[in-house]
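Working notes for the structure below.
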Amino acid sequence: MRPGFGGIPLEKDATARLLPALLALLVFLAGMALFTVFAMHRIAAQWDKGEAGELTVQLPPANGLGQNDVAAAATAMDRAIEILKATPGVTLVDQLSEAEIDRLLAPWLGTAEASHSLPLPQLIAVSLDPAAPPDVEALAAAIQAAVPDALVEDHRRGLQSLVSLARWLRGLSWAVVALTFIGCMLTVALVTRMGLAAHGRVIELLHLMGAEDSFVARQFQWHAFKAAAVGGPIGLLIALGTVVAIETGLGQVDRALIPELDLTPLNWAFFILLPVLTAAIAVITARIATLRGLGRLP
Amino acid sequence: MIRFDNVSLRYGRGPEVLSDLTFRFEPGSFHFIEGESGAGKSSLIRALSLTLPVSAGDVTLLGRDVAKLSRHERALLRRKFGIVFQDFRLLDHLSVLDNVLLPLIVCGQPERAARQDAADLLSWIGLGAVLDALPPTLSGGEQQRVAVARAVIGKPSLLLADEPTGNLDWRLAQRLLHLFEELNKMGTTVVVASHDKQLLSRFPYPVLHLGRNGDDATTTPAEV
């Protein structure tokens, strides 16, 4: 049998032109929501990692001061480093050079060598063992006992709420993906019902000829599949184009603020699955809607 | 065999269209159903084609008690029916060939073989030149022949015709009933509903008269 040949002229319906466009739109929305899921997952993981594994220790400035103060600042730095290195759970202690501090400040102060003209604090970047982190409060107290003006900045305080927000957005995005699939079901169900109503006489004739409900349902399934086969890839292509544009745009932004959002092969596989899943949902929905609609015939 | 025992039929909560109807048609017989407009001829044809459930009584079609049939079995039983409608009910978007092909496709026959059978039948009834034409481009007589071809392509055990001569002139109407006679001679049970007493009187087959007040009776043509 010719694919779809069963007497019902569904391809001539107005919905035949509308359904692919609607499904393309839904796949596009699902694609964007899925991208948000992956982006928020990556951001939350990155920030979570920073939250659990990093500290910054600030010590009084060493530049722009007298000779004695410079010596005192160096002593303070040595003491702090000594305490940090002696603390179990501290995996890396890195005193930031003036060049590194200048680079960190570049987004706000430009490329001028701020460290030479401003009294900036000395910074120590500290990495912690995520599996067995030290007691940060005890560590801060020990450093402040040795260097009274020292400030231990625990990244947890700042990042905690951001990580929570990213996770909440990720959950919300999953919900949007689910909603687009529900939208796909409702759209196909509505189009199928319209088709059943519009072709009632043809369907009744097929019924009289002894057509089983599945014979009629197959025609609506084929109609839904064709619409999804056209609309799904179009929606996916537009979504992927938008993702690439966003990635390119984010490339211009300082990576200290937003981490790399490079998609993994698994992420791409999820994107490819979107039109496949949409087609499957469309076909199953068309079948169920048709069988339920035909139930009224004796 | 077709048997109706004390069958009543009504639409929704409306009045009874058929009331306490009892009759029996033997396999391979030819019967007319006659009555005035509104007497229930079309409703009876619909009940016979399993598209209208009866509201009371027992119906046996081709030896099967229809009340005991599953949905699947009802569909299979319908495949043994051929139905001709007064308004032909051809599908205007399909070619003549596809219209006649459709019952075979519904029955699951491979399209290639079914296509050849349909083309052969249409050629036999003189429509070989219009296989690819759409029904609206045909004359009334040609459309009527297509409708008959569609009804008989599956070699039905029961042929039901609802006012099949309503849109035809006298000569074509007689030719159509002669065609039904030929089918009947090959073993098909034929049931024709018509209001045309004069036409029916020309054929020697029993007539089931449907009255407006449930006074139904089977009579011979001479008594109609």
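3J(HN,Hα) along segment A:284-298: 5, 5, 4, 5, 4, 5, 5, 4, 5, x, 7, x, 6, 6, x Hz, from the Karplus curve 6.51 cos²θ - 1.76 cosθ + 1.60 with θ = phi - 60°, whole Hz, x for Gly and Pro. Given axes a ≥ b ≥ c from the Cα gyration tensor, I'd like to know whether segment B:73-124 is rounded (a/c under 1.5), prolate (a/b larger than b/c) or oblate. Oblate. Quick one: Cα centre-to-centre distance for segment B:1-73 and segment A:117-170, in angstrom? Each part's Cα centre sits 88 Å from the other's.
Legend: mean number of C-beta atoms from other chains within 10 angstrom of residue C-beta atoms, peptide B:49-62, equals 1.
Averaged over peptide A:197-210, the number of partner chain Cβ atoms lying within 10 Å of each residue's Cβ comes to 5.
Please work out whether segment B:32-144 counts as rounded, prolate or oblate from its C-alpha gyration tensor, where a ≥ b ≥ c are the square roots of the eigenvalues and a/c under 1.5 means rounded, while otherwise a/b larger than b/c means prolate and anything else oblate? Don't skip to the answer; put the middle values down first.
Values: a/c = 2.85, a/b = 1.52, b/c = 1.87.
Cα axes put segment B:32-144 in the oblate bin.
Run the dipole for the protein assembly as shown about the Cα centre, Lys and Arg Cβ at +1, Asp and Glu Cβ at -1, nothing else charged, and hand back the magnitude in debye, nearest 20. Intermediate results must be reported in sequence, preceding the final value.
Numbers: 45 positive and 52 negative charges, 578 e Å.
Roughly 2780 debye for the protein assembly as shown.
Taking every DSSP bridge with both residues inside the protein assembly as shown, close to 65 percent are antiparallel. DSSP beta bridges confined to chain B are antiparallel in about 45 percent of cases. A cut-off under 10 angstrom between Cβ atoms defines the neighbours of A:Arg292, and their net charge, with Lys, Arg +1 and Asp, Glu -1, is +2. Spin-label pair B:Asp120-A:Arg201: with each label point 7 Å from Cα along the Cα-Cβ axis, the two points sit 3.3 nm from one another.
First obtain the Kirkwood hydrodynamic radius of the protein assembly as shown from its Cα pairs, then insert it into the Stokes-Einstein equation at 4 °C and 1.567 mPa s, and state the resulting D in µm² per second as a whole number.
Details: Rh = 30.1 Å.
It diffuses with D of about 43 µm²/s by this estimate.
To the nearest whole number, what is the average tally of beta carbon atoms from other chains within 10 Å of the beta carbons of peptide B:101-107?
Numbers: counts 3, 8, 7, 1, 9, 12, 4.
That average works out to 6.
Taking the Kirkwood radius as Rh and the Cα radius of gyration as Rg, chain A has a ratio of Rg/Rh equal to 1.29.
Any read-out appearing in this document is the output of simple, stated calculations on the displayed coordinates, not a laboratory observation. Since we're looking at a predicted model, the values are computed, not measured. So basically every Cβ, Gly included, is an ideal-geometry build from the backbone, and we count neighbours across all protein chains shown.
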